[in-house]
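Participant: Pasting in a structure now, in structure tokens, and then I'll have a few things to ask.
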Amino acid sequence: MNKKISIVLAGLLLSASALMANTNNLKQEVSSISLQKEKTQKEQNRLDNIVKNTITDHKKQLQHEQGFVLGIQNMVLAMKSLSNEDKNTAKDKLSAAAKSIHDAFQKEPNMKMVPVYDKEMIHVFNGSVELINKIRDYSYVLVKDNEIQTAIDVLTPMQDEIVMTTSYLPVYLYPEAIKEAQYKIDIGDLKGAKDVLYKALNMLEVKQVIIPIPLITAQDMIVEASKLDKSKKDEIMKLLSAAKYELKRAVALGYTKKYNVDYLSLNNQIEKMEKDLGLKKDIKSSFEKIIKDFKGLIHKIS
């Protein structure tokens, strides 16, 4: 995937022969930089692990009483039965749905919107800070020269993120919807019953959570460094430096504007840890604080 992105991006950056001289200069500067270096096996393993763990953690945050889900599933089955004019099966499914949702509300009485995890999309961009800044400058010139579509094509690959999509269903409305559907079945209005269920099940809200991969990569590096023996000073220092660089990538890619204070705090903490480590000071408590702050920021985002 990275090779394909590199080829496309390189082609875009090297094809605009009619642009102004300053555009050509920027184009040459961008093309002179290694577009996307191949990840080492260790880097790829780290990426695979942090993506998997981030998605797992997000799903855990969405956990709720399963009776809500069972109720929703039975409402869907009732609707299908109504499409087949099988009113007896529809009534059975609606009774089961009503019971499941009622029991779930006994355990979670304040539940309003039930989250149902849909999917995730992973976008990986392995470009350096230098490359990101050069492409940004190049896109400015493209826009100025009204090369909007080329600018979009140039900027689009610069996404290094996990996008997680969740649907939220208004389960608090379902008990009444079930009762109304049951009534319509009883009076022989199967289409009306189906329409009630269809309307209820389609009143949903879709939300996306975007987690910057550089942020969770930096977090993983900090956690790894915290587990090393203090005698491995050089290894710890390398991981701190790499984590700080990942934060810079997050800033360059534009993920930090809403959370500038948090990112600056993390960066400052790493710099202090580097300094303290150089002075042979104990940084155990510093690790504890920064790990907590990383978790806090990711929780804010998600």
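No value in this document is a laboratory result; all are computed from the given coordinates. As the structure is a prediction and not an experimental result, all values here were calculated from the model. Cβ sites come from the backbone with ideal geometry, for glycine too, and all protein chains shown count toward neighbours.
Participant: Rounded to whole Hz and in sequence order, give me ³J(HN,Hα) for the stretch 194-200 from the Karplus expression 6.51 cos²θ - 1.76 cosθ + 1.60, θ = phi - 60°, writing x for Gly and Pro.
Facilitator: Taking θ as phi minus 60°, the curve returns 5, 4, 4, 5, 4, 4, 5 Hz for the stretch 194-200.
Participant: Would you mind checking which residues have amide H under 5 Å from Val114's amide H? H placed 1.01 Å from N; only 5 or more apart, or other chain.
Facilitator: Correct list: Leu169, Val171.
Participant: With just the Cα atoms defining each centre, how far is the stretch 254-278 from the stretch 115-147? Give it in Å.
Facilitator: 23
Participant: Spelling out what I want: for every residue of the stretch 296-301, take phi, set θ = phi - 60°, compute 6.51 cos²θ - 1.76 cosθ + 1.60 (Karplus), and round to whole Hz; glycine and proline get x.
Facilitator: Result, rounded to whole Hz: x, 5, 5, 5, 4, 5.
Participant: Using each residue's phi in the stretch 258-271, evaluate 6.51 cos²θ - 1.76 cosθ + 1.60 at θ = phi - 60° and report the 3J(HN,Hα) Karplus result to the nearest Hz, with x for Gly and Pro.
Facilitator: 6, 10, 4, 4, 5, 5, 4, 4, 4, 4, 5, 5, 5, 4
Participant: If you don't mind, another one. Classify the chain as rounded, prolate or oblate, taking a ≥ b ≥ c as the square roots of the eigenvalues of its Cα gyration tensor: rounded when a/c is under 1.5, otherwise prolate if a/b is larger than b/c and oblate if not.
Facilitator: On the way: a/c = 3.39, a/b = 1.69, b/c = 2.01.
Judged from the Cα gyration tensor, the chain comes out oblate (a/c at least 1.5, b/c at or above a/b).
Participant: Another one. Using the Cα centre of the stretch 30-128 as the reference point, and only Cβ charges (+1 on K/R, -1 on D/E), how large is the resulting charge dipole? Debye, rounded to the nearest 20.
Facilitator: 120
Participant: Now for a separate question. Remind me, relative contact order of the chain in percent, using alpha carbon pairs under 8 angstrom and six or more residues apart?
Facilitator: 17
Participant: If a/c stays under 1.5 just call it rounded; otherwise compare a/b with b/c (prolate if a/b is bigger, oblate if not). Do that for the stretch 211-301, with a ≥ b ≥ c from the square roots of the Cα gyration tensor eigenvalues.
Facilitator: The shape class here is prolate.
Participant: Treat every Asp and Glu Cβ in the stretch 211-301 as -1 and every Lys and Arg Cβ as +1, leave all other atoms uncharged, and give the resulting dipole magnitude about the Cα centre to the nearest 20 debye. List each step's numbers first, then the result.
Facilitator: Working: 19 positive and 13 negative charges, 35 e Å.
It comes to approximately 160 debye.
Participant: Report the paramagnetic label zone for Ser302: residues of the stretch 158-193 whose backbone N is under 19 Å from a point 7 Å from Cα along the Cα-to-Cβ axis.
Facilitator: 160-168
Participant: What pairs in Lys248/Lys289; Lys107/Lys179; Lys60/Lys281; Lys52/Lys144; Lys91/Lys207 have C-alpha atoms more than 29 Å from each other? Walk me through the numbers on the way to the answer.
Facilitator: Details: Lys248/Lys289 20 Å; Lys107/Lys179 21 Å; Lys60/Lys281 37 Å; Lys52/Lys144 41 Å; Lys91/Lys207 32 Å.
Result: Lys60/Lys281; Lys52/Lys144; Lys91/Lys207 exceed 29 Å.
Participant: For the chain, take the longest principal axis of its alpha carbons; what is the angle in degrees between that and the long axis of helix 213-226, to the nearest 10 within 0 to 90?
Facilitator: 70
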